Amino acid sequence: MEVYEFTKTYEERYHEIQRVFQKKDNPIPASRVRLEFLIFLEKFFNIPEWQALWKIPRFRCEKMNLKFPSNILGLVSSVDFTTGIGKFSPCVDDLPENEELEEEYNVPIEQLWVSMEQDDPKFKADEAAEAIDAFRYFLTYIWLPWDAQESDHVDYFGKFVLMRLQMLCDMKTGKIRRSTAAHIRELLVETRRLSEIRDIVQEDEPSEELPKVEILVKINAQLNLLQAKLTMLQDASLREIYEAAHLDIPDKYDFIIVTESQDRLSDILGHVGNIDSGRFCNTLQNALMSSNASDRIYIGSGKHTIGFREYFNSSGSICGVKKLENVPERTEGGLKPQDVPIVCSEMQDHFLFVCNGEFTFENILFDCSNVKYGFICQDQAKLTLRNCIIRGNMRQSECGIDLKGSGSAILENCLIIDCFYGIGMKSGTKVDLIGTDIVRCEYGIFLEDDCDVTLENSNFRECTNFGIYLENVKCNGEIDEREFSDLADLQCLPGFQISGNCAGNALIEAEKMDVEVVDVTGDD
């Protein structure tokens, strides 16, 4: 089931939040913000039942004994718009094996994604989905748990919304140092984690094993400390003071060497030149947390575990110091940690890397076995991979590289293996595969109309369905679908450039266009 998802600029986010707050005689105080948003949402739900996907938060997954992340399809039978809680019934046919769920759950509406397929044609699902998306974004990125304590005499929108949106924008575009941005994001994640725990503890019945009051006191103390830090960081005039007092800002350097490696340090230094112009970090995670977005980072062989959630942009790079040869032939897992740098996530997560600018990776094996996406390339991302492997897990890894916005990717001498989609492409995106293979995926490349694909000496092998699947191509012809066994024949379609020896198959699903018939005979 497909659901509505939205990518918007910060200016668009500002105006959609403003819609909720405007046309009021007096500024909305913090104590009424959530209720005003729910009143705004209610007018989009003119039917009693609608289909949705529940993306279950980590702590609720743990409480329900489900792996994280878990997404469940179901029916929303009603929503109480004074509390924002919906009655959600899971779809039994869609449940994973060996998992038993209750017939109905109380689910906050912001955790529900509206399905594109609805039983009731009167339901304007796209408008409802966009309204929930605005509410979800507000709760995730603007609202903080201590805001409810603000005085009712304060104009919440005027005091907080623009300032916090500007901070998020500056983090994304690199105006805030990446190490500072990473620190801010860590604080925000910890704030929401503690807030979720507090809500769960408040709901649970007290017991001897759960000293409720003691736990809540500790949580509130930690939240007070986080509030003091974030209050300074969200204010641009105070941020430099905070950085100087609390963050380690290293002197200028040309590159970073990560010493977390099974290679000898002398071997690594042989690849990077003048050691006097570099600095050392003991782990890749620490290097990312303390570097600028444009830095060059060198890593040796071995496993590098990260939990980094900042954007990769500004022409930076991460490079393994041993060049990997004949990468497309490495399909049987012959590479060992002593042979290659392996980068992986420290926990089950949504993605490994998010790029929204230029960034290059070389000579690295990306272990995506416990993430949904290897790379998410959005906005104007320009991702380059050289001599790299993206290795997934068919049960967990949905997509090796997901391209959105006007994102683009160049893969040279690379391999993508064991992902559901090797590469997913939204309209307006671009990919170049040079000497690259996509192997053992359900679909090698799954793309929409109006994408650019260049293949040079690249192959799709052992893909369960098709090497290339192009959906909803607009055409005036009579053919609904067309299969290609020779990829060179794809050049008859706009956006495809094929050269060299390329092997695989493709399916083009055509969407018929309505053609207006014009009477040119002059007869009445």
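Quick check for me: using +1 on Lys/Arg Cβ and -1 on Asp/Glu Cβ, what's the dipole size of the stretch 386-494 about its Cα centre, in debye to the nearest 20? Please report the intermediate quantities before stating the final value.
Numbers: 10 positive and 20 negative charges, 105 e Å.
Charge dipole, the stretch 386-494, about its Cα centre: 500 debye, nearest 20.
The magnitude of the dipole of the stretch 240-332, with charges of +1 and -1 set on the Cβ of Lys/Arg and Asp/Glu and taken from the Cα centre, is near 220 debye. Extending 7 Å from Cα along the Cβ direction at M163 and again at E2 yields two label points whose distance is 4.2 nm.
Take the solvent-accessible surface of the protein heavy atoms, probe 1.4 Å, and return the percent of it on the stretch 248-349 that carbon and sulfur atoms account for.
Numbers: 2100 of 4850 Å².
Ligands and nucleic acids excluded, carbon and sulfur reach 43 percent.
The length gained by stretching the chain between N224 and S277 to full extension, at 0.36 nm per residue less their Cα-Cα distance, is 15.0 nm. The share of accessible area on the stretch 1-94 that comes from carbon and sulfur is 49 percent, using a 1.4 angstrom probe. Counting only protein heavy atoms and a 1.4 Å probe, the chain has 50 square angstrom of accessible area per residue. The count of lysine pairs in the stretch 31-188 with alpha-carbon distances below 16 Å, taking only pairs 8 or more places apart or on different chains, stands at 5.
Which length gain, in nm to one decimal place, applies between N71 and A245 when the Cα-Cα distance is subtracted from 0.36 nm times their residue separation?
Numbers: separation 174, 0.36 × 174 = 62.64 nm, distance 4.19 nm.
So the chain would gain 58.5 nm between N71 and A245.
Taking a ≥ b ≥ c as the square roots of the Cα gyration tensor eigenvalues, the stretch 272-314 comes out oblate, since a/c reaches at least 1.5 and a/b does not exceed b/c. Placing unit charges on the Cβ atoms of the charged side chains and taking the dipole of the chain about its Cα centre, the candidate lying farthest along the positive direction among N26, Q166, L238 is L238. For the stretch 345-418, the average shadow cast by the Cα convex hull is 4.2 nm², which is a quarter of the hull's surface.
Taking every DSSP helix (H) stretch of at least 4 residues in the chain, weighting each as -39,500 (n - 2.57) and dividing the sum by the residue count yields a mean residue ellipticity at 222 nm of -7500 deg cm²/dmol. Ligands, DNA and RNA left out, the accessible area of the stretch 383-511 computed with a 1.4 Å probe is 42% carbon and sulfur.
Compute the length gained on full extension between L238 and L216: take 0.36 nm times their separation in residues and subtract their Cα-Cα distance, giving the result in nm to one decimal. Kindly include the intermediate steps, with their values, before the conclusion.
Details: separation 22, 0.36 × 22 = 7.92 nm, distance 3.00 nm.
That pair, L238 and L216, stretches by 4.9 nm at full extension.
Summarising the label geometry, the points placed 7 Å from Cα in the beta-carbon direction at L265 and K87 lie 6.6 nm from one another.
For the stretch 1-158, with only Lys/Arg (+1) and Asp/Glu (-1) charged at the beta-carbon, what is the dipole magnitude about the Cα centre, in debye rounded to 20? Before the final figure, lay out each step's value.
Details: 17 positive and 31 negative charges, 118 e Å.
Value, rounded to 20: 560 debye.
For the chain, how big is the tail of P(r) above 45 Å, as a whole percent of Cα pairs? Looking at the chain, the distances longer than 45 Å represent 20 percent of pairs.
Pop the C-beta distance of E332 and D452 into the FRET formula with R0 = 35 Å and round what comes out to the nearest 0.05.
Values: r = 32 Å, r/R0 = 0.92.
The computed FRET efficiency comes out at 0.60.
Got the relative contact order for the stretch 88-159 handy, in percent, Cα pairs under 8 Å and 6 or more residues apart?
Values: 26 pairs, mean separation 16.2, N = 72.
Relative contact order, the stretch 88-159: 22 percent.
The values are calculated or read from the model by the stated rules, or taken from the named source; none is laboratory data. Source: prediction; values computed, not measured. Please note: Cβ atoms are built from the backbone with ideal geometry, for glycine as well, and neighbour counts cover all protein chains shown. Protein only, heavy atoms only, side chains kept; ligands, DNA and RNA dropped before computing areas. Shrake-Rupley method; radii C 1.70, N 1.55, O 1.52, S 1.80 Å.
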